[in-house]
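A short write-up of the structure that comes next.
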């Protein structure tokens, strides 16, 4: 469903001190989703790791999660307000200044849209709607503008934790065959596996959706998921137990099987556990995890044969309550959104060891929770 931009997305703004960015292949734009109903922009010098604040570039919805088009300079942002139906807004990016121009917006069919997942071959966006416990598929037009809301599936389930009274879809990933979508649900303690039709952008539960679902230990709270390079293994981060699971993917049956589960918290940690984000390096050799409870980044190496993980490094995230992070397209830099301390911190990635090192570069941001890059 297409809706009026003004009705759900407010008005956009360009920083008063906006200036033309350096005309350099070394400069990337970084967009920061926040909990303050604004999107901020930074520039990243990929040669030095220097971060420069540009300022607020969009205002209106609670744009906690931002994502970029795989080929075009277009940014997408959610409305994560639990009190109303969520939405996705598309913005055209001015590569010269970082300014955003709204293109259009689409309602997601669920409340608390908290995550956007891409399927580039079909040009489909998936919205995980946390508050309503549903997942939606939205088509994307050739020019990068949003098409229409195509399908929404309501999930059911609960768990023993107080945050698990009902289903809470938290992310989405399409398998390499394009036939299935995997949806971690924090409230239901499951990874739901739905049929997906790339030709029509449609999700379908099917008669076997419940039997296909991968069930985690009670109280785990599945959060984010990613496929490894080969497509044979899937990496699942739980929020409530802060475990990282290696799962084997059977594409012929649409089934997941546990291979390994490792705690991302240190043995001596006694606080509340909270897994936040994960990503896989461009060459598939390393998995990066953000542990929000321990304010840590954790790096694992991947065994290419078994998919199993070995601990490489555990280090401070550079701030408090790291909520999200992103690895830039060059693969050299990892930027952490530290929500509670209000900073975005830059880390350098060693391509050989996979280890990260804090560069000391940081920018003050109001409650940052996600980052996305436009080259």
Length gain on complete extension for the stretch residue 52 to residue 272, per 0.36 nm per residue less the alpha carbon to alpha carbon distance? 75.8 nm
Give me 198, 212 ranked fewest to most by other Cβ atoms within 10 Å of their Cβ, as a rough exposure proxy. 198, 212
Given 109-118, 154-163, 269-278, the highest-first ranking by average Cβ count within 10 Å works out to 109-118, 269-278, 154-163
Per the Kirkwood formula over distinct C-alpha pairs, the hydrodynamic radius of segment 258-346 in angstrom is 13.5 Å
Per residue, what volume in Å³ does the Cα convex hull of segment 294-341 take up? 92 Å³
What number, rounded to the nearest 500 deg cm²/dmol, is the helix-based mean residue ellipticity at 222 nm of the chain, given -39500 (n - 2.57) per DSSP H run of at least four residues and division by all its residues? -500 deg cm²/dmol
Over the alpha-carbon set of segment 27-374, work out the extent along each principal axis and list the three values in angstrom, largest first. 51, 47, 37
Please report the relative contact order for segment 27-374, taking Cα pairs under 8 Å with a sequence separation of at least 6, and give it as a percent rounded to a whole number. 12 percent
Inter-label distance for residue 310 and residue 101, nm, one decimal - labels placed 7 Å from Cα along Cα-to-Cβ: 5.2 nm
May I ask you to sort 268, 320 by Cβ crowding, counting other Cβ atoms within 10 Å and putting the fewest first? 268, 320
Over 25 Å [Cα-Cα, segment 98-212], rounded percent: 20 percent
Residue 72 to residue 262: extension gain in nm, 0.36 nm per residue of separation minus the Cα-Cα distance? 64.7 nm
In whole angstrom, how far apart do the alpha carbon centroids of segment 273-322 and segment 238-265 sit? 14 Å
Using mean Cβ contacts within 10 Å as the protection proxy, how do 131-139, 52-60 order, highest first? 131-139, 52-60
Share of Cα-Cα pairs in segment 57-117 lying beyond 18 Å, as whole percent: 30 percent
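All of the numbers you see were taken from the coordinates with simple rules; none came from a lab. None of these values were measured; they are calculated from a predicted model. Please note: Cβ atoms are built from the backbone with ideal geometry, for glycine as well, and neighbour counts cover all protein chains shown.
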